[in-house]
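Asker: The structure is given below, and queries will be raised subsequently.
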Amino acid sequence: MVDRQFEGAVAVVTGAGSGIGAATARELTARGAERVYLVDVSKETVDKVAATIPGAASLTVDVSDANQMAEAFETIVAESGRVDVVVHAAGVDDPVSKQWILEANESGEPVDVIGRLTDDMWRRVMAVNLDGTFHVLREAVRAMRGRGGGAIVTVGSSSAFDTLIGYPHYSASKAAVHALTQSVAKEVLPYGVRVNTVAPGPVDTGMAARTPAHLRAAMAAGPARGYASPEELADTILYLASPGAANVVGAVLLSNGGRFTV
Ligand SMILES: NC(=O)c1ccc[n+]([C@@H]2O[C@H](COP(=O)([O-])OP(=O)(O)OC[C@H]3O[C@@H](n4cnc5c(N)ncnc54)[C@H](O)[C@@H]3O)[C@@H](O)[C@H]2O)c1
């Protein structure tokens, strides 16, 4: 039964203060999860979302900080005794390079992101998107191994395949998320831990709201479905986390409304 498929589960969702993570946390509870820990770097937003979900707890954590991530999982295991499902949706785009793309479009000049990308801009995207995924995977596996296993879903991106002009750091970070997730998936299968990733196309969230209008229009055009809702992504993510996906291991599941295939 899809409607109670996470009955009694203890779940952790990162990036749960907004967008895809918030929708996934809500849906986990709706499908029977007993306790959902909402993790986000933004205390204000994650507390607000958690207050609307029965039985939820919120933790303010920067996923790029290994110590904070380890402490969060220690707290969760100490309180709940186990972790059954981890969804890692925390991630960042780069508003500065998106602004440069917009300015290039308005002036008719070619985009110049790579020539102006600073070390700090590169590091920020890599620290959150790639290092953060490493920290979450490491702590999730440590928590699940020896405690009955579990399911982990990371969030990559279609932009790792259909690399957009002006997104070099973002696309590279997400391609690395896919490879990291796949390698870990094969390694931890013997421990009863099942790991997959979802690669969303455009989704209507705070991140998408920062995308320049001409790119948004291009993504919404054509026969593909255009912008998905965060709830539709939560459905894809929770399919991967559910018992119905028992035979799905190390998948990079495109959820992009038919924008392209791989
Ligand atoms: N929206 C899209 O079109 C789209 C497409 C492909 C992939 N994605 C990916 O989906 C995931 C969710 O994005 P979204 O669209 O819901 O965006 P969003 O901006 O609505 O939500 C992202 C959440 O992550 C949190 N976060 C950011 N940095 C963090 C950190 N260091 N530690 C902990 N939390 C942090 C933010 O505070 C925010 O609540 C991201 O990994 C994103 O890269 C989004």
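Asker: Please work out the Kirkwood hydrodynamic radius for the range 13-56, using every pair of different C-alpha atoms, and report it in angstroms with one decimal place.
Answerer: Taking every pair of different Cα atoms in the range 13-56, averaging 1/r and inverting gives 9.8 Å.
Asker: Residue by residue through the range 32-46, what is 3J(HN,Hα) from phi via Karplus (6.51 cos²θ - 1.76 cosθ + 1.60, θ = phi - 60°)? Round to whole Hz and write x for glycine and proline.
Answerer: Values per residue, Gly and Pro as x: x, 4, 7, 9, 10, 9, 9, 10, 7, 6, 9, 4, 4, 6, 6 Hz.
Asker: Then there is this: Using 1/(1 + (r/R0)^6) with R0 = 45 angstrom and r between the beta carbons of Asn247 and Gln68, what's the FRET efficiency to the nearest 0.05?
Answerer: 0.85
Asker: Could you grab the Rg to Rh ratio for the range 178-262? Cα atoms only, Kirkwood for Rh.
Answerer: 1.05
Asker: Any idea what Rg and Dmax come out to for the range 87-163 if you just take the C-alpha atoms, in Å?
Answerer: Over the range 87-163's Cα set, Rg and Dmax evaluate to 17.1, 58 Å.
Asker: For the chain, what is the convex hull volume of the alpha-carbon atoms per residue, in Å³?
Answerer: On the way: hull volume 31.7 nm³, N = 262.
Each residue corresponds to 121 Å³ of Cα convex hull volume.
Asker: Could you list Phe6, Phe134, Phe260 so that the one with the fewest beta carbons within 10 Å of its beta carbon is first and the one with the most is last?
Answerer: Details: Phe6 25, Phe134 17, Phe260 11.
The most exposed by this proxy come first: Phe260, Phe134, Phe6.
Asker: Assuming R0 = 35 Å, what is the FRET efficiency of His214 and Glu44, from their Cβ-Cβ distance, to the nearest 0.05?
Answerer: In this case the efficiency is close to 0.65.
Asker: Continuing with this model, one more query. Sort the following peptides by mean Cβ neighbour count (other Cβ atoms within 10 Å, averaged over residues), highest first: 52-63, 182-193.
Answerer: Order by mean packing, descending: 52-63, 182-193.
Asker: Out of every Cα pair in the range 32-97, what percent are spaced more than 15 Å from each other? Kindly include the intermediate steps, with their values, before the conclusion.
Answerer: Values: 1221 of 2145 pairs.
Within the range 32-97, distances greater than 15 Å cover 57 percent of Cα pairs.
Asker: Could you work out the per residue convex hull volume over the alpha carbons of the range 126-255, in cubic angstrom?
Answerer: Each residue corresponds to 108 Å³ of Cα convex hull volume.
Asker: Select from the range 198-262 those trypsin sites (Lys or Arg not before Pro) which occupy a DSSP coil region and have at most 15 other Cβ atoms within 10 Å, ordered by residue number.
Answerer: Arg210, Arg225
Laboratory data are not the source of any read-out in this text; all were calculated from the coordinates shown. Values in this document were obtained by computation on a predicted structure and should not be read as measured data. Glycine also receives a Cβ, built like all others from the backbone with ideal geometry; neighbour counts cover every protein chain displayed.
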